[in-house]
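What follows is a short report on a single structure.
What follows draws every value from the coordinates through simple rules; no lab data is involved. Everything numeric in this text was worked out from a predicted model, so none of it was measured. Methodologically, a virtual Cβ is constructed for each residue, glycine included, from the backbone with ideal geometry; neighbour enumeration extends over all protein chains shown.
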Amino acid sequence: MIPKLYGICGPTASGKTELAIRLCERLGGEIISADSMQVYRGMDILSAKPDAGELKRAKHHVIDFVPPDENYNASRFRQDAMAAIQTVNEKHALPILCGGTGLYIDALTKGIRMAEEADQELRERLKGIAAQPDGKYRLHRMLKEVDPASAAKYPINDTRRVIRSLEIFYATGKPRGEHEQEDAQSECTFDAVLFALKWDRETLYRRIDRRVDDMVARGLISEVKALLNAPEAVRETAAQAIGFKEIKQALEGEISMDEAIDLTKTHSRHLAKRQETWFKRDRRVTWLETDGTNFDALTQSIADIISEAIAR
């Protein structure tokens with residue numbers, strides 16, 4: 001029998017951490033974070049990492065252990081999360097998955113093989129081609145020769161996915177679509193039971209804007225300065241954290257700081273929309289409507305569902 005794994009997912013600023021912590025307090029659980037940015041050290045504000053009070057209320061795993069000069073991916077997350085779940089189980093506690101990185105949740109629960117470590121030398125070579133004046137056109141032609149279906153799916157300007165498709169082909173000899181079909185048929189690691197908080201869109205966007213303002217008040221700009229002044233450069237994966245590139249542009253004089261903050265809000269709202277789209281496609285997710293006043297009732301409802309399932 002495939003073991004069940006319960007989790008809280010959904011868009012940024014929706015209250016996932018608070019709901020997951022309440023569940024842990026109610027059920028004797030510990031949180032397995034599924035957030036691609038919270039793994040990095042020195043990015044507490046950028047990644048909205050749980051604060052000292054939240055960490056005291058519930059133990060968190062798979063956060064704050066990777067230096068920002070290292071790239072981290074879904075394959076490494078799967079290994080780290082599996083180890084954390086085993087540790088929690090050995091303590092006879094309940095692991096509660098919590099995060100908004102859908103790829104990481106799928107890599108853990110579905111065993112996605114495409115999440116395997118990329119060949120860094122190959123990736124750097126392909127990125128070198130992309131940096132040339134006609135590089136993105138050359139890459140797309142290369143992809144069209146070996147994987148026409150992916151070339152038709154990903155436009156010339158989508159350099160990241162074009163490179164990833166080439167990596168998959170050169171590493172395995174198979175086109176990306178074939179791997180996706182195999183992944184869809186792969187055996188699940190966990191029977192995931194997921195819950196997500198559904199907010200009115202405008203209310204969620206206001207929450208996102210307030211969060212960014214709070215991040216700035218708590219020292220976001222100083223945190224980005226510290227990362228930029230560190231001896232080791234922030235690698236490409238950590239640099240994807242929303243707020244890093246925007247504040248960096250302001251510090252380098254490309255835009256004003258007010259523009260950087262506005263862009264951080266805009267890009268955070270775009271992220272929330274992408275996350276909603278991802279999780280709405282996942283049939284394992286039960287959406288729970290909230291306006292922020294019913295967290296006690298939602299916690300009790302989810303706790304009852306989990307307790308009944310465990311008792312069977």
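Taking a straight Cα-Cα cut-off under 17 Å and skipping sequence neighbours fewer than 8 places away in the same chain, the lysines within cross-link reach of K59 are K16, K49, K91.
Take every pair of alpha-carbon atoms less than 8 Å apart whose residues are at least six positions apart; their mean separation over the length of the chain yields a relative contact order of 26 percent. Suppose a student asked you for the relative contact order of the stretch 120-184, using Cα pairs under 8 Å spaced at least 6 residues apart; what percent would you report? With pairs under 8 Å counted, the relative contact order is 27 percent.
Here the chain is treated with +1 on each Lys and Arg Cβ and -1 on each Asp and Glu Cβ, and its dipole about the Cα centre works out to around 480 debye. Between the listed residues H60, M142, V193, the Cα displaced farthest toward the positive end of the dipole of the chain, a dipole computed from Cβ unit charges relative to the Cα centre, is found at M142. Here the Karplus curve 6.51 cos²θ - 1.76 cosθ + 1.60, taken at θ = phi - 60°, turns the phi angles of the stretch 289-296 into couplings of 6, 8, 10, x, 9, 10, 5, 4 Hz, with x standing for Gly and Pro. Give me the Debye-computed log₁₀ of I(q)/I(0) at q = 0.16, 0.17 Å⁻¹ for the stretch 25-74, equal point scatterers on Cα only, no solvent, two decimals. The Cα Debye sum returns log10 ratios of -0.46, -0.51.
Take the Cβ atoms of E289 and E25, set R0 to 22 Å, and the FRET efficiency comes out at 0.45. The order of the peptides 2-9, 295-302 by mean Cβ neighbours within 10 Å, most packed first, is 2-9, 295-302. Working ranking of peptides 208-216, 82-90, 238-246 by packing, defined as the average number of other Cβ atoms within 10 Å per residue, highest first, is 238-246, 208-216, 82-90.
Translational diffusion coefficient of the stretch 120-184 at 10 °C, 1.306 mPa s, Stokes-Einstein with Kirkwood Rh over Cα pairs, in µm²/s as a whole number. After rounding, the answer is 136 µm²/s. When peptides 268-275, 40-47, 193-200 are ranked by their average number of other Cβ atoms within 10 Å per residue, the highest-first order is 40-47, 193-200, 268-275.
Going through (i) 20.9; (ii) 19.1; (iii) 19.8, the figure that equals Kirkwood radius over Cα pairs in Å as computed for the structure here is (i).
Radius of gyration over Kirkwood radius for the stretch 13-96, both on Cα atoms: the Rg/Rh ratio is 0.96. Listed from fewest to most Cβ neighbours within 10 Å, the set S150, S256 follows the order S256, S150. Close amide H partners of E70, meaning residues 5 or more places away or on another chain with modelled amide H under 5 Å apart, are R235.
Converting phi to 3J(HN,Hα) with the Karplus coefficients 6.51, -1.76 and 1.60 and the offset θ = phi - 60°, the stretch 224-240 yields 5, 4, 4, 5, 5, 8, 5, x, 9, 5, 5, 6, 4, 5, 5, 5, 6 Hz in sequence order, with x at every glycine or proline.
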